[in-house]
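Participant: The following block contains the structure, expressed as structure tokens.
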Amino acid sequence: MAYGWASTLRQRLDTDVVDSFRRSPVTVVAGVLTSLFFLAALFAPWIAPQDPFDPASLNLLDAFTAPVWREGGSWQFWLGTDDQGRDIFSAILFGLRLSLLVGFASVLFSLVVGVTLGLIAGYVGGMIDSLIMRVADVQLSFPAILIALLINGVARVVLPRASMEDLAVPVLILSIGLSGWVNFARTVRGSTMVEKGKEYVLAARVIGRPTSFIMLRHILPNVTGPILVIATISLAVAILAEATLSFLGVGVPPTQPSLGTLVNVGNNFLFSGEWWMVIFPGATLAILVLAVNLLGDWLRDAL
């Protein structure tokens with residue numbers, strides 16, 4: 001039994017994809033960094049030495065403490081503190097949680113909407129295909145961040161002002177998600193148009209399989225490769241979009257800051273000498289996005 005399990009595991013690992021991953025040092029480093037960021041975000045409440053969003057744990061006398069290697073630094077706040085006395089290291093860990101949450105949720109939303117519309121457009125065709133693709137073409141004529149800003153602004157007007165802070169994260173996920181479904185839809189549509197003319201789809205039609213069954217059980221599994229690649233790259237784009245919106249002040253509220261909010265706060269003190277407030281969150285954001293993009297490039301080549 002143990003030998004059979006080990007043999008199965010060995011066969012799964014002995015694939016072209018895993019082999020290409022092991023042969024690329026850059027991809028391995030990107031994978032390790034991405035995993036570390038995910039683990040740090042997941043275990044932030046246990047790793048962080050301070051809860052930066054608990055007012056009871058903050059002391060204004062600790063504000064503007066420099067990193068430990070500079071004069072006035074303290075090992076208690078080894079990356080320094082901000083204007084409210086919040087530990088920068090702890091704030092980055094909790095900011096990672098929110099940035100990754102928004103990124104993952106918005107990509108998942110984009111994936112569901114885009115894949116569904118792409119399957120329908122590619123398989124059904126006709127007027128439905130034309131309508132979906134014309135909407136996609138119109139949306140592509142605007143920058144994604146502008147679409148997200150527009151949706152975010154409309155939501156702020158429609159929703160009650162009192163509940164806006166509680167709904168800020170769902171609204172942000174909706175805004176970024178609706179701005180990114182087009183890439184999924186166009187890719188899945190093209191792959192579906194190729195797959196629907198193959199013998200296995202024609203055979204499923206002949207034996208009377210429902211259209212929804214054919215799309216979900218036969219066509220969708222054969223177009224997952226491009227979907228995974230787009231999803232990985234879209235995750236980096238979504239994290240950057242969230243950071244941009246939060247930096248502009250229309251993202252998450254200051255009470256639950258993400259990496260973009262931390263950069264926005266630190267930017268106000270950049271030229272007064274407290275550079276660590278913006279450099280460390282900004283560097284974390286840049287490394288995270290770069291690592292995810294490198295994984296996306298590897299997936300594109302491997303699949």
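Participant: Quick one: is LEU61 at pLDDT 90 or above, out of contact with any strand residue (DSSP E or B) (no Cβ under 8 Å at 6 or more places or on another chain) and either part of a helix (DSSP H, G or I) or open to solvent by 40 Å² or more (accessible area, probe 1.4 Å) (or both)?
Facilitator: In short, no.
Participant: I would also like to ask the following. So GLY282 fits all but one of (1) in contact (Cβ under 8 Å) with a residue 60 or more places away in the chain; (2) open to solvent by less than 50 Å² (accessible area, probe 1.4 Å); (3) more than 28 Å from VAL113 (Cα to Cα); what number is the exception?
Facilitator: With (1) in contact (Cβ under 8 Å) with a residue 60 or more places away in the chain; (2) open to solvent by less than 50 Å² (accessible area, probe 1.4 Å); (3) more than 28 Å from VAL113 (Cα to Cα) applied to GLY282, the lone miss is (1).
Participant: Let me ask you something else. So is SER130 within 24 Å of the chain's Cα centre (by Cα), of a type in the set (Ser, Thr, Tyr) and modelled with pLDDT of 80 or more or not?
Facilitator: It is false that SER130 is within 24 Å of the chain's Cα centre (by Cα), of a type in the set (Ser, Thr, Tyr) and modelled with pLDDT of 80 or more.
Participant: Among the polar types (S, T, N, Q) and closer than 14 Å to PHE104 by Cβ - does that describe any residue in the stretch 216-233?
Facilitator: yes
Participant: Within the stretch 275-289, restricting attention to residues that are in a helix (DSSP H, G or I) and of a type in the set (Phe, Trp, Tyr), which residue is modelled with the lowest pLDDT?
Facilitator: Selected residue: TRP276.
Yes or no, residue by residue, for (1) in contact (Cβ under 8 Å) with a residue 60 or more places away in the chain; (2) surrounded by fewer than 20 Cβ atoms within 10 Å (Cβ to Cβ):
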| site | (1), (2) |
| --- | --- |
| ALA168 | yes, no |
| GLY177 | yes, no |
| ALA203 | no, yes |
| THR211 | yes, yes |
| LEU220 | yes, yes |
| PRO226 | yes, yes |
| THR232 | yes, no |
| LEU240 | no, no |
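Participant: If you go through the stretch 165-181 one residue at a time, do you hit one that is among the β-branched types (Val, Ile, Thr), over 23 Å from LEU259 (Cβ atoms) and either assigned to a helix (DSSP H, G or I) or within 26 Å of the chain's Cα centre (by Cα) (or both)?
Facilitator: So far as the stretch 165-181 goes, no, none of its residues is among the β-branched types (Val, Ile, Thr), over 23 Å from LEU259 (Cβ atoms) and either assigned to a helix (DSSP H, G or I) or within 26 Å of the chain's Cα centre (by Cα) (or both).
Participant: Are any of the residues in the stretch 41-64 more than 21 Å from THR255 (Cα to Cα) and of a type outside the set (Asp, Glu)?
Facilitator: no
Residues checked against (1) open to solvent by 40 Å² or more (accessible area, probe 1.4 Å); (2) basic (Lys, Arg); (3) part of a helix (DSSP H, G or I):
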position	(1), (2), (3)
ILE92	no, no, yes
ARG97	yes, yes, yes
GLY103	no, no, yes
VAL112	yes, no, yes
LEU119	no, no, yes
TYR123	no, no, yes
ASP137	yes, no, yes
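Participant: Suppose we filter THR255, THR187 for residues that are in a loop (DSSP other than H, G, I, E, B) and open to solvent by 20 Å² or more (accessible area, probe 1.4 Å); which single one remains?
Facilitator: Result of the check over THR255, THR187: THR255.
Participant: For the stretch 162-178, indicate whether the set of residues that are in contact with a Phe, Trp or Tyr (Cβ under 6 Å, 6 or more places away or on another chain), at pLDDT below 90 and not acidic (Asp, Glu) is non-empty.
Facilitator: The answer is yes, given that some residue of the stretch 162-178 is in contact with a Phe, Trp or Tyr (Cβ under 6 Å, 6 or more places away or on another chain), at pLDDT below 90 and not acidic (Asp, Glu).
The values are calculated or read from the model by the stated rules, or taken from the named source; none is laboratory data. Since the structure is predicted, the reported quantities are computational estimates derived from the model, not experimental observations. For neighbour counting, all protein chains shown are included, and Cβ atoms are generated from backbone atoms with ideal geometry for every residue, glycine included. Accessible surface is based on the protein model in full, side chains and every heavy atom, while ligands, DNA and RNA are left aside. Shrake-Rupley method; radii C 1.70, N 1.55, O 1.52, S 1.80 Å.
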